[in-house]
Amino acid sequence: MTNPALSIPTPNGRFYAHPRRAGSKPGSPSANPSITNIIGKKDKKAIPYWAARQCGEFAADNLTTLNTLTRDGVIDLVRTSPWRTSDTAAKVGSIVHDAIDQWIKADCRWVPDMTTWPPSAKQMWRQWQGLVQKYKPEFIASEFTVWSDKHGYAGTGDWAARIGGALVLADTKTGKKAYPEVGMQLAAIANADFILADDGTETPIPKYERFAVAHVRPRSASLIPVERIDQCFETFLGLKTVFDFDVNTAEHVLKWAPKIETKSEAA
């Protein structure tokens, strides 16, 4: 979901504001950083290689256009190409996520108007429906906010359902791959203090028995089990420490000192 309920943009990324607590300044009890914001502190070594390949592919596919541009124009067009591709994929993902949310909240009776959807989003919707027919989940929640006072974070759960008699917490992914970081995401949601409604009402977090990622693609869909949740949560808390350092401590570590410049002797 592009703009989750209760979320607020800040210079330090997405935070969540508690509607029943005064103020919304990050670092106060009324605002907590988002789960995905915290997980973003994990180094993703594959991204520079992916970006470099995207730039190379874009250049190879657009030689005629590039030959008409100045040097600075070529640089600007090529260097931003990976993020244009990423933005397009993100828009498709948002369409599918929002449709799944509306469908679940309408007791699985809502029919989306797909006339303006990109072809890939339509295909993903069909794959999602096939996944539902396969596992027959009994949905109990969709796009719900969680809050942790104990550890200082907040986030949004995609959906929860009973599947095969077990209470399952799941996250929907529409990218090319499902990555292990989703385990930290689910672990943080499951270990929050409470579910936070838009009006500030707080309700207990259910005891989830299993965890999964619904990986939905244009040609297939999978419900992938996610395990080692306790280890995932320990790792998430480690990243929260890194996040707190960057936001609250880093700028205070190095103090001012006079710069001493010693001139070298002329040769």
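The values are calculated or read from the model by the stated rules, or taken from the named source; none is laboratory data. The structure presented is a predicted model; accordingly, all values stated were derived computationally and were not measured. Because the Cβ atoms are built from the backbone with ideal geometry, glycine has one as well, and the counts that use them run over all protein chains shown. For the accessible areas, the whole protein counts, side chains as well, though only heavy atoms, and no ligand, DNA or RNA atoms are used. Shrake-Rupley method; radii C 1.70, N 1.55, O 1.52, S 1.80 Å.
Listed values, structure above:
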quantity	calculated
Rounded accessible area of R162 (nearest 10 Å², 1.4 Å probe)	100 Å²
Shape parameters for the range 130-267, alpha-carbon atoms, Rg then Dmax in Å	21.9, 83
Cβ-defined net charge surrounding V132, 12 Å radius [Lys, Arg +1; Asp, Glu -1]	+2
Neighbourhood charge, 13 Å Cβ-Cβ cut-off, centred on G164 and excluding it, Lys, Arg +1 and Asp, Glu -1	+2
For the chain, with +1 on Lys and Arg beta carbons and -1 on Asp and Glu, the positive-most of H151, C232, P137 along the dipole	P137
Lysine pair number, Cα distance threshold 29 Å (strictly under), the range 116-225, separation 8 or more or different chains	17
Label-to-label distance, nm, for residues given as Q102 and E265 (7 Å Cα→Cβ offset)	7.9 nm
Dipole of the chain [Lys/Arg +1, Asp/Glu -1 at C-beta], most positive-end residue of A60, T203, P9	A60
Solvent-accessible surface ranking, highest first, for S222, S264 at 1.4 angstrom	S264, S222
Dipole magnitude of the chain, debye to nearest 20 (Cβ charges: Lys/Arg +1, Asp/Glu -1, about Cα centre)	560 debye
Helix-only CD estimate at 222 nm, as mean residue ellipticity for the chain, using -39500 (n - 2.57) per DSSP H run (n ≥ 4)	-12500 deg cm²/dmol
Solvent-accessible heavy-atom area per residue, rounded to whole Å², over the chain at 1.4 Å	61 Å²
Label of the coordinate-derived value, Rg/Rh (Cα atoms, Kirkwood Rh), listed as [x] 0.95; [y] 1.06; [z] 1.01	[y]
Portion, in percent, of the accessible area of the chain that falls on carbon or sulfur, probe 1.4 Å	54 percent
